[in-house]
1. Of all residues in the stretch B:102-133, how many are within 9 Å of another protein chain (Cβ to nearest Cβ), under 19 Å from the mean Cα position of the chain (by Cα) and in a loop (DSSP other than H, G, I, E, B)?
2. Any residue at all in the stretch B:353-364 that is of a type in the set (Lys, Arg), over 27 Å from B:Ile180 (Cβ atoms) and assigned to a loop (DSSP other than H, G, I, E, B)?
3. Can you give me the ranges of the helices (runs of 4 or more DSSP H) entirely in the stretch A:72-174 with at least 1 residues that are more than 8 Å from chain B (Cβ to nearest Cβ) and crowded, with 24+ Cβ neighbours inside 10 Å?
4. How many residues does the stretch B:231-253 contain that are more than 11 Å from chain A (Cβ to nearest Cβ) and open to solvent by 10 Å² or more (accessible area, probe 1.4 Å)?
5. Considering only residues that are open to solvent by 10 Å² or more (accessible area, probe 1.4 Å) and among the hydroxyl-bearing types (Ser, Thr, Tyr), which ones fall in the stretch B:124-152?
6. Within the stretch B:135-153, work out how many residues are assigned to a helix (DSSP H, G or I) and facing another protein chain (nearest Cβ under 8 Å).
7. Residues that are under 17 Å from the mean Cα position of the chain (by Cα) and closer than 30 Å to B:Asn105 by Cβ, at least 3 per element: which strands (runs of 3 or more DSSP E) completely within the stretch B:191-289 meet that?
8. State whether the residues of the stretch B:29-51 include one that is touching a residue at least 60 places away in the same chain (Cβ under 8 Å) and in a helix (DSSP H, G or I).
Amino acid sequence: MTNKFHIKSYSHIKSQTVSVNGNVIFKGDDADFPNFIKSAYKYLETSYSKFFKMDNLSKLAFLAADVLLKQESLSEEENNIALIFSNKASSLDTDRKHQKSIENQDEYFPSPAVFVYTLPNICLGEISIKHKLYSENSFFIFDRFNAEHLYLYANNLLQNNKAEKVLCGWVDFDENSYEAFLYLVENKGEIVHNTEEINRLYNLL
Amino acid sequence: MAKTYLSYNNIFSSLGFDSETVIEKMSNDVSGLDRYDNNSLLPQPFCASLLSSEVVREEFNKISDASKYTKLEQMLILSLKKVIDASSITLNDRIGLIISTTKGNIDVLEQESSFDESRSYLSELGKTLKDFFGFKSEAIVVSNACVSGVLAISAAKRFIAEKKYDHIFISSGDLVTKFILSGFNSFQALSSEPCKPYDKNRIGINLGEVAASILVTSSKKHLNSEAVEILGDATCNDANHISGPSRTGEGLYRSVNAAMKEAGVKASGIDYVSAHGTATAFNDEMEAIAFNRLGLENVPLNSLKGYFGHTLGASGLLETIVGMHSVKKNLLFSSKGFTELGVSQNINIITSNTPKTLNVFLKTASGFGGCNTAIVFQKTTN
């Protein structure tokens with residue numbers, strides 16, 4: 001039962017690099033995250049205008065998911081792919097922006113377009129909208145990458161037919177440091193779905 | 001598969017510091033909402049359910065040194081302590097801890113906060129609770145907008161099913177801060193009057209602060225008199241919009257459908273629906289559409305926001321606990337603030353506290369990011 005499911009593909013976005021299955025598919029030369037992610041978006045021919053309204057965390061999560069999901073020949077109607085994401089900094093990058101806009105009574109300009117991103121799970125909504133995922137969503141916060149809990153949760157959803165596939169991982173954005181690691185779990189695949197393999201892939205790059 | 005139950009519980013709110021006191025107040029039709037005119041929180045009057053920092057501190061100093069803990073930490077600890085004490089479970093490595101919150105200690109970002117900014121990390125909040133009680137496993141924080149409190153129950157069930165834990169304690173809480181008030185106000189979603197879920201004259205949300213905690217267990221040995229069994233649960237995304245609900249209630253419809261299917265319960269088998277009912281125009285309308293699509297339009301339904309306000313990451317757990325007590329007492333609580341139906345499709349809103357034999361109830365929640373969670377619960381025969 002433990003080894004029933006497999007990791008079909010995985011992506012990393014860190015250190016100005018986007019990789020799929022361990023192979024670099026884009027390397028940027030701008031250390032500034034907004035510039036880097038914009039060049040990656042263009043290079044990867046993502047073509048999704050809502051991308052530019054997203055906050056940093058959503059852009060990071062969206063692109064890390066997109067490079068995997070566009071290989072999946074998904075239905076345009078609906079897809080049952082659960083999203084189980086996690087990080088350490090929640091939405092603090094955008095939280096700090098919202099807090100700044102309300103700190104002083106003389107410069108009090110809270111914006112709904114910023115405030116809506118002060119929740120970490122908004123990126124799950126963005127990915128669900130793009131890929132028509134009417135599926136299970138969950139966002140966890142851990143002190144560090146926690147392969148065991150992601151593994152258990154994904155296993156439970158697949159075992160109980162609550163999802164056909166599960167996209168899991170870590171998407172963290174804090175100050176100007178960022179890191180995304182996502183992997184797709186389903187029946188078929190080369191890599192066995194277990195905690196050791198998840199940790200191995202996480203540490204691969 | 002092993003059965004999972006909700007058992008010992010606590011509500012720490014402006015209506016009282018334990019579930020029984022809160023339920024007693026609700027039975028007497030008392031609301032925790034009040035009108036506030038406090039410029040340091042919002043430049044205009046608002047209505048909310050607030051807990052005074054002084055009162056929380058005074059209560060906390062009876063068990064530990066309040067100066068070391070933020071207001072939210074004090075509330076969560078006070079709430080969780082009562083549940084751990086009542087359940088008499090020793091905290092070994094088979095016991096899990098889940099924290100459900102949307103914003104945690106977000107108030108430490110304020111310039112005047114005396115706490116270090118590192119306290120704003122939700123994992124730090126998890127560590128603080130873990131260390132206070134001496135949990136042996138790392139805290140799991142669920143932060144999934146306004147479904148967090150219900151989703152935390154699902155997550156507990158799933159981790160128990162995977163045999164990682166025998167019992168899980170959940171503690172949920174959120175504060176009414178300048179951060180949250182300004183944000184909801186920027187959406188023009190706040191009402192300065194007590195909220196009126198599903199009512200013709202509803203104009204928006206009231207926010208509320210609360211801590212609510214519960215024991216989730218697979219062992220029948222640890223059940224109390226209001227314990228319920230989790231029959232089925234599901235979360236579905238609307239795949240429609242990040243800040244507005246689907247017009248057709250798609251995600252809510254799907255999540256309730258999936259939860260009922262797992263529970264093996266049809267619409268006719270649900271005795272009561274504890275809905276989300278934020279009192280915004282779009283949310284309440286979306287729910288009415290989804291409940292009609294599900295054939296639940298005749299099932300007695302309430303929103304509890306008229307008693308507690310919208311308590312964000314705690315609301316789903318808080319309202320589930322009230323549902324458990326409702327079922328135990330065979331008493332439906334009125335959907336406070338409601339007088340005249342203001343949604344386009346008929347739903348059966350509870351207009352006064354009404355005795356009714358209750359066995360199975362449905363809890364739902366919906367939130368930003370397009371998420372919807374539903375769980376079907378059943379009274380235990382203990």
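The values are calculated or read from the model by the stated rules, or taken from the named source; none is laboratory data. Bear in mind that the values here come from a model prediction, so they are computed numbers and not experimental data. Using ideal geometry, Cβ is built from the backbone for each residue, glycine included, and neighbour counts are taken over all protein chains shown. Ligands, DNA and RNA are stripped out before the accessible areas are found, and what is left, the full protein with its side chains, is counted by its heavy atoms. Shrake-Rupley method; radii C 1.70, N 1.55, O 1.52, S 1.80 Å.
1. Result for the stretch B:102-133: 3.
2. Scanning the stretch B:353-364, I find at least one residue that is of a type in the set (Lys, Arg), over 27 Å from B:Ile180 (Cβ atoms) and assigned to a loop (DSSP other than H, G, I, E, B), so the answer is yes.
3. Passing ranges, in order: A:122-131, A:147-159.
4. 4
5. Hits for the stretch B:124-152 are B:Thr128, B:Ser137.
6. The number of residues fulfilling the criteria is 1.
7. Here the list reads B:210-217, B:228-237.
8. no
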